[in-house]
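Just below is one structure, and these are the notes that go with it.
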């Protein structure tokens with residue numbers, strides 16, 4: 001494999017190559033173009049190399065690092081993982097692990113990045129490669145910087161510097177140390193190190209990296225309120241990174257310019273640059289940075305009211321919701337529900353056996369989508385403000401494209417399929433108040449599957465951690481119904497298929513056990529709350545306990561009538577009428593077996609994740625569709641509002 005010395009800087013890294021004779025001319029061309037900074041031509045050469053030599057580790061490695069240099073992180077990871085699979089050589093893996101760490105870092109997955117950096121460092125030490133040790137120590141320092149552990153990061157940077165003997169290799173670390181001093185508020189020291197980094201890069205002809213350090217210096221001057229110097233360095237840096245086609249750093253430049261013009265009071269130009277940054281980050285898969293920019297866009301907005309609606313296809317059928325969204329500069333949004341309705345369909349029937357939707361199920365569901373879209377429009381939701389989506393349980397079915405095609409034929413709307421991670425993000429946005437974002441986990445027990453996750457804010461980047469249990473209230477009922485005894489089969493599925501997943505995920509990410517607040521959504525949570533706490537039918541947030549869930553689950557098979565007909569005599573007439581309507585709706589939506597299976601599933605999750613010692617909250621009006629409509633509506637509005 002072509003050996004490379006990694007020099008990480010705070011956002012990206014470059015490679016200096018040793019002089020090796022390459023065996024294949026296409027691979028040779030890829031490395032030569034990469035070394036010359038012509039990453040687009042390197043990518044084309046790499047593609048040709050892989051077409052000719054599909055199992056060539058050098059071809060995949062060169063294509064991977066070239067994709068990374070232009071910010072195409074998903075493609076970079078794909079080829080670097082392929083290179084990893086093609087070798088067991090320690091020296092090859094040392095470089096590959098470091099590269100995978102860099103890619104994960106840029107994608108916002110800091111823990112994954114740290115894991116691969118550690119693997120690379122271990123191999124570098126085994127091989128006695130001090131230059132590589134210095135590079136990887138530098139990379140690890142970046143992670144601690146982004147985690148906010150500045151002194152620890154500085155220690156790693158200084159250890160890295162001590163191992164470097166070539167002055168041109170020190171420029172990256174000078175840049176990173178400058179960032180640390182800037183974050184600590186020592187601007188004079190930060191300027192000194194940035195200028196040192198730029199001077200070294202320009203002296204050795206590395207104008208790409210010099211441009212990146214200029215961007216960072218410009219951002220520092222913005223924080224120092226020296227706007228003239230800030231704009232000078234950011235524009236110079238932007239010109240330099242665009243010359244080599246580096247999309248990631250181009251997005252960084254737009255982000256910095258957005259902040260600069262916001263500080264200068266030019267809101268229109270600030271929004272323009274931030275929107276460019278958001279779109280570019282999204283296009284290259286830098287999701288963490290895209291979310292960060294979206295938050296900045298939100299802060300720019302003054303209050304503005306618009307109505308948006310969403311239609312969701314889920315396991316039980318189709319539901320629609322519409323909201324009046326008030327956009328503010330000091331808060332995310334004001335939200336008022338204006339419409340909610342659902343239509344049960346047989347879309348999921350038979351999928352477990354055949355893996356596909358039936359033609360009747362597709363037609364019935366598409367007609368329900370059409371009906372609800374028409375009702376949204378009748379309620380005043382503009383057609384352009386309606387989104388049609390399918391839940392993750394629907395998205396995994398093999399003939400989902402047939403469903404999408406029929407929906408578009410009947411309605412003119414394209415159906416968007418969401419992943420589990422999408423639903424967790426949107427669920428948190430729609431159900432969890434912002435002050436609880438980073439001290440809570442989110443549990444969504446749907447009809448077809450269950451999504452569990454949380455947000456983490458690491459070094460300014462927002463990451464989504466999530467996983468899926470392939471059972472929800474209805475799908476678990478269907479699975480247990482196939483056994484000889486429903487209850488016995490239910491316990492068997494939970495103990496052998498559900499709880500091991502929960503334990504494994506909790507072991508990997510202790511936040512699932514340690515965060516104090518648990519926000520619970522989904523049909524079964526609504527049903528339990530409605531039947532156990534009918535007097536709180538008007539409350540937006542209802543506190544639950546693990547005993548509420550356990551009592552419901554234990555009681556419903558023994559005394560079904562009492563559970564389904566709670567005592568409402570002590571409620572005031574108006575509240576009693578609302579409670580009755582909700583109770584009747586629960587009976588219309590779920591069978592007794594559904595309620596028992598859903599309760600057992602929720603109780604199993606609670607026992608495994610230790611709900612007894614935590615705050616359980618049911619956000620009555622919160623779910624992932626709310627978050628989807630709000631976030632999509634918010635983004636539409638922020639792009640539409642121009643001064």
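All of the numbers you see were taken from the coordinates with simple rules; none came from a lab. Treat the numbers as computed from the prediction; the structure is a model and nothing was measured. Cβ: placed from backbone, ideal geometry, glycine included. Neighbour counts: every protein chain shown.
Spin-label model, residue 408/residue 229: points 7 Å from Cα along the beta carbon direction are separated by 5.4 nm. Contact order for the stretch 431-628, expressed relative to its length and based on alpha carbon pairs under 8 Å spaced 6+ residues apart, stands at 30 percent. Each of 102, 410 was scored by other Cβ atoms within 10 Å of its Cβ. Listed from fewest to most, they are 410, 102.
Which angle between 0 and 90 degrees, to the nearest 10, do you get for helix 110-127 versus the longest principal axis of the chain when only C-alpha atoms count? Approximately 40 degrees, to the nearest ten. The modelled label-to-label distance between residue 122 and residue 538, using points 7 Å beyond Cα along the C-beta direction, is 6.0 nm. Measuring between their Cα centroids, the stretch 356-371 and the stretch 169-195 lie 59 Å from each other. Across the chain, C-alpha contacts under 8 Å between residues 6 or more apart give a mean separation that, scaled by the residue count, equals a relative contact order of 10 percent.
Taking Cα pairs under 8 Å and at least six residues apart, what relative contact order does the stretch 304-418 come out at, in percent? For the stretch 304-418, the relative contact order is 29 percent. The sum of -39500 (n - 2.57) across all DSSP H runs of n ≥ 4, divided by the residue count of the chain, sets its helix-only mean residue ellipticity at 222 nm to -19000 deg cm²/dmol. The antiparallel fraction among DSSP beta bridges confined to the stretch 304-418 stands at about 75%.
Cα centroids of the stretch 470-533 and the stretch 405-431: 23 Å apart.
Between the helical axis of 624-640 and the dominant principal axis of the chain, each derived from Cα atoms, what acute angle in degrees is found, rounded to the nearest 10? The angle comes out at about 50 degrees. Provide the percentage of antiparallel DSSP beta bridges, counting only those with both residues in the chain; round to the nearest 5. Approximately 75 percent, going by the DSSP bridge assignments.
Exposure proxy ranking for 107, 600, based on other Cβ atoms within 10 angstrom of each Cβ and starting from the fewest, stands as 107, 600. Here the stretch 431-628 carries DSSP beta bridges of which approximately 70% are antiparallel, counting only pairs with both residues inside.
On the beta carbon distance between residue 353 and residue 497, with R0 = 22 Å, the FRET formula returns roughly 0.80. A simple spin-label model places pseudo-atoms 7 Å from Cα toward Cβ; at residue 53 and residue 338 they are separated by 6.2 nm. Counting every other Cβ atom within 10 Å of each residue's Cβ, 255, 60 order from fewest to most as 255, 60. What FRET efficiency would be calculated for the residue pair residue 399, residue 263, taking the C-beta separation as r and a Förster radius of 51 Å, to the nearest 0.05? For R0 = 51 Å, the calculated efficiency reads 0.45. Once the Cα atoms are used to define both axes, helix 57-69 deviates from the longest principal axis of the chain by about 80 degrees.
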